[in-house]
Amino acid sequence: MRPEQHAKMAAEMKQRLKVEELEENIDELEDVVEDVFPILILTVFVAVLLLIIFLIRLYLRWFAPNPSKNRMDGKTVLITGGTSGIGKCTAIELAKRNARVLIAGREKAKVEAVARNIRKKTGNQHVNALVLDLGNLRSIQEFAEDFRKDEKYLHVLINNAAYMGPLSKTDDGLERSFGVNYLGHFYLTYLLSDKLKKNAPSRIINVVSDSYKQGELDLDDLAMNKGYSVYSAYTRSKLAQVMFNLECHKRYIGNCVWSFAAHPGPTATDLLRNYPGMWGNALRLVSRIMFKPPEDGCQTLVYLAVADGLREFSGKLFTDCKAVKTNEKVKANKELSSRLWNVSAHLCGFEGDALMPEDEPEATPNAEEAGEATAEEEKKSQ
């Protein structure tokens with residue numbers, strides 16, 4: 001065999017070996033891909049899921065910082081549900097602005113401990129604890145009587161306390177979400193309205209939720225005998241609060257008492273602590289991970305308590321320190337809103353359209369005097 005032929009055969013053999021080796025490598029690669037592909041798909045899925053969760057969390061936790069730097073020297077603020085969550089953080093923020101802050105809660109020891117903690121944290125010694133059970137109309141009446149007797153001033157009333165949980169009754173036999181979230185605040189506001197008028201310009205801030213859009217209000221079934229669910233009871237109470245806010249505006253704006261509804265947005269608070277079952281556990285976990293902290297959630301409340309130039313926005317709903325449109329079904333239900341006021345008055349034991357009798361010597365300012373007071377207040381704050 002010639003040397004040329006031998007070299008040619010050797011080259012052909014090498015080529016065949018390379019091809020066979022390449023085919024083996026390809027087979028091995030295919031086996032590896034088959035083994036790794038499910039893990040690869042799972043990794044991509046998890047990465048996309050985490051990205052979606054991150055973006056949703058970013059959206060839910062977004063908040064608008066309070067643009068107003070106003071202080072509250074000489075102003076008295078009453079906050080219900082001020083022992084935790086948004087109420088407590090609002091109390092801290094207003095105490096930092098030198099307001100006289102009154103925190104109302106059911107448990108005396110707990111409220112006093114929180115007030116003591118806020119005094120120490122802010123250096124403001126004018127933070128006091130008051131005992132109030134919004135699930136007991138008699139307690140509210142006694143609280144208001146003592147308040148009118150002991151307290152000379154009230155400039156801002158923040159209706160913040162809330163219940164969300166399984167079917168339960170107030171001491172007066174009312175469904176608890178409706179009784180605490182709405183009716184208790186309705187009665188408290190009515191009983192303290194004379195104090196707010198005498199310290200005009202003053203403000204009422206009702207803490208609501210945009211879940212009111214899903215709420216349905218049947219005044220013939222306040223006990224929810226037709227069917228109870230935690231969420232439907234809560235949304236109903238928030239719808240009632242939004243309607244109450246509009247009624248407060250209509251009835252008190254002439255006395256220079258402004259009323260605002262504040263939606264804090266998704267906030268990690270103790271509201272879900274009573275939500276039952278596995279769903280409740282899941283919601284509590286999600287709220288801790290996804291929702292914004294109370295320090296951010298309270299900013300709209302603080303803004304409505306301190307900001308200038310809000311008179312024209314009385315009756316409006318605010319979120320992220322800006323007025324937003326109220327759902328059309330609320331505006332279209334003016335008759336239901338008025339009926340709700342009268343039914344609530346009946347449940348609390350007074351006539352719906354009767355005015356609160358003055359029990360102090362100062363006269364309630366009329367609209368013209370209230371306007372002058374507003375101008376004076378804004379002039380001073382500038």
**Report entry** Residues of region 19-59 satisfying the condition of being closer than 30 Å to Val286 by Cβ and of a type in the set (Val, Ile, Thr)
**Finding:** Ile39, Ile41, Thr43, Val44, Val46, Val48, Ile52, Ile53, Ile56
**Report entry** Of the criteria (1) more than 30 Å from Ile56 (Cβ to Cβ); (2) charged (D, E, K, R); (3) in contact with a helix residue (DSSP H, G or I) (Cβ under 6 Å, 6 or more places away or on another chain), which one Lys198 fails
**Finding:** (3)
Requested in this report: Please enumerate the residues belonging to region 285-319 that are closer than 19 Å to Gln241 by Cβ, part of a loop (DSSP other than H, G, I, E, B) and in contact with a Pro (Cβ under 9 Å, 6 or more places away or on another chain).
Outcome: Cys298
Report task. Could you check Lys226 against (1) in a loop (DSSP other than H, G, I, E, B); (2) of a type outside the set (Ser, Thr, Tyr); (3) touching a helix residue (DSSP H, G or I) at 6+ places or on another chain (Cβ under 6 Å) and say which number it fails? Result -> (3)
Report summary line: Out of (1) in contact (Cβ under 8 Å) with a residue 60 or more places away in the chain; (2) in a helix (DSSP H, G or I); (3) not charged (D, E, K, R), the one Leu58 does not meet is (1)
Report summary line: Among (1) in contact with a helix residue (DSSP H, G or I) (Cβ under 9 Å, 6 or more places away or on another chain); (2) surrounded by fewer than 19 Cβ atoms within 10 Å (Cβ to Cβ); (3) part of a helix (DSSP H, G or I); (4) of a type in the set (Gly, Ala, Ser), Ala282 falls short only on (1)
Report summary line: Condition set among the small types (Gly, Ala, Ser) and outside any helix (DSSP H, G or I), scope region 81-90, selection farthest from Val180 (Cα to Cα): answer is Ser84
Report summary line: By my count, helices (runs of 4 or more DSSP H) wholly in region 91-209 with at least 1 residues that are over 29 Å from Thr235 (Cβ atoms) and of a type in the set (A, V, I, L, M) are 108-122
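All of the numbers you see were taken from the coordinates with simple rules; none came from a lab. None of these values were measured; they are calculated from a predicted model. All Cβ positions, glycine included, derive from the backbone under ideal geometry; neighbour counts span all protein chains shown.
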